[in-house]
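All of the numbers you see were taken from the coordinates with simple rules; none came from a lab. Quick caveat, the model's predicted, so the values are computed rather than measured. All Cβ positions, glycine included, derive from the backbone under ideal geometry; neighbour counts span all protein chains shown.
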């Protein structure tokens, strides 16, 4: 197979697009796709300051790499989740990437934010699935750091496979309010929120992996240990089978949803304007935000245990 | 496991409902589900005449059996598709079922309707996928027989797996006009059309197979030979995997769509009122209906071939 651009020997074949690329042309293709998505969906302008959430994995580092290459003003944000060796190795990769390129990186760690706030501890104390606890905490710190640092935009590395799996899950139960909020660009609904964007949402996991590999980005290959058996992986597996039977399925599924079907669900997004959390001051729909509510649960649990130990002693 | 109704030994276990049933209680459960669906979705009344499309398979014969048991006025319609031995064996089962119960059965055969109208011949002559040609012809004859016989309703045996697979296919490409028309009850849009209903749309393929087996219905077990490799089977396979990971997925997917999401697509159904086919007089959106258009293609092909043979001779 030959490269569709320069006719050199192809090094990667994209079945969904029925196209082969050599290394230089693939890197160009990938960057162009990101550039087009940013422009088409009006994600951000060159004068805006972008906070890039980086996990140390291929998607977020590929995204940061492309944004830097396109000349955008970026700062990375690494949030330490406290998931054992996985978190340590992820942090190393994020720091090495930023260090080698002399890029600004904000590092925050859940363990430093309060006792018992590492993801496994919160999940255990609140009897939540780790991914649910992790999601709530990530959202809080991403929002808080973007607000504190007066950024204009928060960019995350969600790829096509992530979005297709999320969409399939939302559609299988017709969760209209979730469908209403599944967009590549979320405009802020409160002055303390910033715009949230997903510039890789039309590029597959395979495409970002190839980009990261070909660019020589050193990323964490291992999956988060909590991901095993997660529902998202069941959806990804189902979608991969559909993709094998009919290449391009995932791309059409997500793209057509965003471009033609999403607006049908838009009314369901009307949850009104959030107020502010009495505890932390960040936007919240109730009296306290879901992050502070998690923290309270963790603290209550610790207090009960301490009391029990006192009684037993 | 025990029967949830009478505590006897369960003979069937429905994971989606987390319930076991003995034989008599299962048959009662199945009939009740059909009865409830008919009532909930206002499918038909006891004074209406129902034409039941029967293929000789488990779904349509189970449906006919239940409707007869519930006291409805039914007539079967068997349409011979001309798919070799499969069609012969299907017809035998439909005729044996009707004969043993002394039920009226209309038998029509595509081969008798015109030369070259058997499904494999039409598919070959028009270069269509057999399932596409078959669908267009079935729709035509179901409509035509229902109209000629002055029936009030046409009932088909589509089950939950059929509907879930069709829904998944429509959703994966966000075919809004198809989603607008995917309903368990389709009211007629023309005086020559009758109401079309799917009373089994919330009962799985497994449930109808168990009902048919336990009722002693002799049905064609083999699949249509054209179904192999059909896209519907890829969707069914994906849905079965999702169902295994989370029992009840298919039921929620279809039921929630029909009850809460379907209306969002309703505007897209506004194709207006059809006119009448200049050829056969049945409703059509163009000058001739899709059935007559298929017939013309077949005839044109035959004429070309005859001309070529004359020239060669």
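Binning every alpha carbon pair distance of the range B:163-313 at 5 Å from zero, what are the percents per bin?
2, 7, 11, 14, 15, 15, 13, 10, 6, 4, 2, 1, 0
Kirkwood Rh over alpha-carbon pairs of the range A:59-216, then Stokes-Einstein at 4 °C and 1.567 mPa s: what D in µm² s⁻¹, rounded to an integer? Don't skip to the answer; put the middle values down first.
Working: Rh = 17.1 Å.
Stokes-Einstein gives a translational diffusion coefficient of 76 µm²/s.
Between residue B:96 and residue A:252, with labels modelled 7 Å along Cα→Cβ, what's the label distance in nm to one decimal, could you check?
4.1
Between residue A:109 and residue A:213, what is 0.36 nm times their sequence separation minus the Cα-Cα distance? Round to one decimal in nm.
Numbers: separation 104, 0.36 × 104 = 37.44 nm, distance 2.76 nm.
Length gained between residue A:109 and residue A:213: 34.7 nm.
Between the helical axis of B:290-312 and the dominant principal axis of chain B, each derived from Cα atoms, what acute angle in degrees is found, rounded to the nearest 10?
Helix B:290-312 and the main axis of chain B meet at about 40 degrees.
Output the relative contact order of the range A:1-123, whole-number percent, from Cα pairs under 8 angstrom with separation of 6+ residues. Walk me through the numbers before you get to the answer.
On the way: 163 pairs, mean separation 20.8, N = 123.
Reported relative contact order: 17 percent.
Using the Cα atoms of the range A:29-76, I'd like the radius of gyration and the largest Cα-Cα distance, Dmax, both in angstrom.
For the range A:29-76, the Cα-based Rg and Dmax read 10.3, 27 Å.
Kindly express, to the nearest 10 degrees and within the range 0 to 90, the angle between helix B:205-214's C-alpha long axis and the longest C-alpha principal axis of chain B.
70
Working from the alpha-carbon coordinates of the range B:1-108, get Rg over Rh, Rh being the Kirkwood radius.
Values: Rg = 16.3 Å, Rh = 15.5 Å.
In the range B:1-108, Rg relative to Rh is 1.05.
Among B:3, A:289, A:280, rank each residue by its count of other Cβ atoms within 10 Å, from fewest to most, as a rough exposure measure.
Values: B:3 20, A:289 26, A:280 15.
Ranked by crowding around the Cβ, least crowded first: A:280, B:3, A:289.
Helix A:58-69 sits at what angle to the longest principal axis of chain A, using alpha carbons and giving 0 to 90 degrees rounded to 10?
70
Please compute, for the alpha-carbon atoms of the range A:233-313, the extent along each of the three principal axes and give them in descending order in Å.
Here the Cα extents, ordered largest to smallest, are 65, 35, 16 Å.
In the range A:234-251, whose amide N lies under 17 Å from the spot 7 Å out along Cα-to-Cβ of residue A:260? List them in ranges.
A:248-251
How big is the gap, in Å, between the Cα center of the range A:78-110 and the Cα center of the range A:249-306?
25
Could you work out the relative contact order of chain A, using alpha carbon pairs under 8 angstrom and six or more residues apart, expressed as a whole percent?
Working: 475 pairs, mean separation 60.4, N = 313.
Relative contact order for chain A comes out at 19 percent.
FRET efficiency for residue B:47 and residue B:190, Cβ-Cβ distance as r, R0 = 30 Å, nearest 0.05? If you can, show how the numbers build up before the last one.
Numbers: r = 23 Å, r/R0 = 0.76.
Efficiency, rounded to the nearest 0.05: 0.85.
Semi-axes of the equivalent ellipsoid of chain A: what are they in whole Å, largest first, if each equals the square root of 5 times a C-alpha gyration tensor eigenvalue? The partial results should precede the final answer.
Values: eigenvalues 239, 99, 84 Å².
The equivalent ellipsoid of chain A has semi-axes of 35, 22, 21 Å.
Take residue B:70 and residue A:245, extend 7 Å from each Cα along the Cα→Cβ direction, and tell me the distance between the two endpoints in nm.
3.0
Please rank B:140, A:178, fewest neighbouring Cβ atoms within 10 Å first, as an exposure proxy. Kindly include the intermediate steps, with their values, before the conclusion.
Working: B:140 22, A:178 17.
With the sparsest Cβ surroundings first, the list reads A:178, B:140.
Just report the Cα centroid separation between the range B:133-156 and the range B:18-69, whole Å.
First find each Cα centre; the distance between them is then 20 Å.
Of the candidates A:52, A:221, A:153, which one comes out as most mobile in a Gaussian network treatment of chain A with C-alpha springs shorter than 10 Å?
A:221
Counting only helical runs of four or more DSSP H residues, what would the 222 nm mean residue ellipticity of the protein assembly as shown come to if each run contributes -39,500 (n - 2.57) and the total is spread over all its residues? Could you put the intermediate results ahead of the total?
Details: 24 runs with 308 residues, N = 626.
Dividing the helical sum by the residues of the protein assembly as shown leaves -15500 deg cm²/dmol.
With no solvent and one equal point scatterer placed on each C-alpha of the protein assembly as shown, evaluate the Debye formula and give log10 I(q)/I(0) for q = 0.05, 0.11 Å⁻¹, two decimals.
At q = 0.05, 0.11 Å⁻¹ the computed log10 ratios are -0.32, -1.14.
Taking the Cα-to-Cβ direction at residue B:300 and at residue A:173 and moving 7 Å from each Cα, how far apart do the two end points lie in nm?
Once both label points are built, they end up 5.1 nm from each other.
What is the range A:168-313's relative contact order, in percent, from Cα pairs under 8 angstrom and six or more apart in sequence?
24
With springs only between Cα atoms under 10 Å apart, run a GNM on chain A and tell me which of A:47, A:162, A:152 wobbles the most.
A:47
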